[in-house]
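Each remark here refers to the structure printed beneath this line.
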Amino acid sequence: MGFDRDFSKALAKNGFIGLTIPKKFGGQGKDGFSRFTVIEELLLNGMPVGAHWIADRQSAPLILKYGTAEQKSFYLPKICSADAFFCIGMSEPNSGSDLASVRTRATKIDGGWSLSGQKIWTTNAHLCDFMIILVRTSGTSEDRHEGLSQFIVDLKQPGIDIRKIRDLTGDHHFNEVFFNEVFLPDNCLIGIEGAGWQQVISELAFERSGPERI
């Protein structure tokens, strides 16, 4: 799935990104079937949709469902116009598919949060603008689903190190991303602190319901 900013911009110009996002946020306000049909045709013809894929498929719906009015007004129009691309910060080293065992932590400080830890297998992190990350804000990994929260991270922030992972063919899509006391303003928190598990399950439902999963 190729990453082509210009192609994504052309799709956005013709109204094919953010199809289910309300018009007041720059979308088309259409139903899920309309989006399914467009995605099916794009995939059938091998179009390079990788740039906007995550943002359109799950980041925008997640922000629409859980985000503040400020977050919706800021991020959703940029997603719909292909001016903001997102990646996913879920998986961590030595965790396999055990998402509840995350150890990356955001610690409350004056005016925001301090983020430290590591994510891995992050597709296109080196090309994206933002990451929606699942982190621990209280307790330990032994607490499982309790104490998890989601944040929007600007990947241009100081303290972020993105390192490439090459696959067996030599291609570079995956990355490991390190966070060293990255400052996150309070308005980067999505939804409710500690409700991250319920939110990320909703995000995974958006991720796994498209025609590419059939």
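If you go through the stretch 142-165 and keep only what is crowded, with 17+ Cβ neighbours inside 10 Å and either in contact with a helix residue (DSSP H, G or I) (Cβ under 7 Å, 6 or more places away or on another chain) or not in a loop (DSSP other than H, G, I, E, B) (or both), you end up with Leu148, Ser149, Gln150, Phe151, Ile152, Val153, Ile160, Ile162.
Annotation: Cys80 fulfils all but one of (1) within 17 Å of Gln150 (Cβ to Cβ); (2) crowded, with 16+ Cβ neighbours inside 10 Å; (3) not small (Gly, Ala, Ser); the unmet one is (1).
In the stretch 93-120, what residues are in contact with a strand residue (DSSP E or B) (Cβ under 9 Å, 6 or more places away or on another chain), at pLDDT below 95 and over 26 Å from Arg35 (Cβ atoms)?
Pro93, Ala100, Val102, Arg103, Gly111 - these are the residues of the stretch 93-120 that are in contact with a strand residue (DSSP E or B) (Cβ under 9 Å, 6 or more places away or on another chain), at pLDDT below 95 and over 26 Å from Arg35 (Cβ atoms).
Residues in the stretch 178-194 that are free of Cβ contacts under 8 Å to residues at least 60 places away in the same chain and either open to solvent by less than 70 Å² (accessible area, probe 1.4 Å) or touching a His at 6+ places or on another chain (Cβ under 6 Å) (or both): Gly194 alone.
Scanning the stretch 22-38 for residues being open to solvent by less than 50 Å² (accessible area, probe 1.4 Å), within 14 Å of Leu11 (Cβ to Cβ) and in contact with a Gly (Cβ under 9 Å, 6 or more places away or on another chain) gives a total of 3. Restricting attention to the stretch 114-129, which residues are open to solvent by 10 Å² or more (accessible area, probe 1.4 Å) and within 23 Å of Gln58 (Cβ to Cβ)? Of everything in the stretch 114-129, those that are open to solvent by 10 Å² or more (accessible area, probe 1.4 Å) and within 23 Å of Gln58 (Cβ to Cβ) turn out to be Gly117, Gln118, Ile120, Trp121, Thr123, Asn124, His126, Leu127, Cys128, Asp129. Looking at the stretch 130-140, which of the residues that are without any contact (Cβ under 8 Å) to a residue 60 or more places away in the chain and open to solvent by less than 30 Å² (accessible area, probe 1.4 Å) is farthest from the chain's Cα centre (by Cα)? Looking at residues that are without any contact (Cβ under 8 Å) to a residue 60 or more places away in the chain and open to solvent by less than 30 Å² (accessible area, probe 1.4 Å), I get Thr137. What's the number of the only condition in (1) under 16 Å from the mean Cα position of the chain (by Cα); (2) open to solvent by less than 60 Å² (accessible area, probe 1.4 Å); (3) under 28 Å from Val38 (Cα atoms) that Ile201 fails to meet? Exception for Ile201: condition (2).
Find the residue count for the stretch 166-177, including only residues that are open to solvent by 50 Å² or more (accessible area, probe 1.4 Å) and either closer than 19 Å to Arg105 by Cα or outside any loop (DSSP other than H, G, I, E, B) (or both).
Residues meeting the conditions: 3.
The values are calculated or read from the model by the stated rules, or taken from the named source; none is laboratory data. Keep in mind that what you see is a predicted model, and the values were worked out from it rather than measured. Ideal geometry is used to build each Cβ from the backbone, glycine not excepted, and the neighbour counts take in all protein chains shown. For the accessible areas, the whole protein counts, side chains as well, though only heavy atoms, and no ligand, DNA or RNA atoms are used. Shrake-Rupley method; radii C 1.70, N 1.55, O 1.52, S 1.80 Å.
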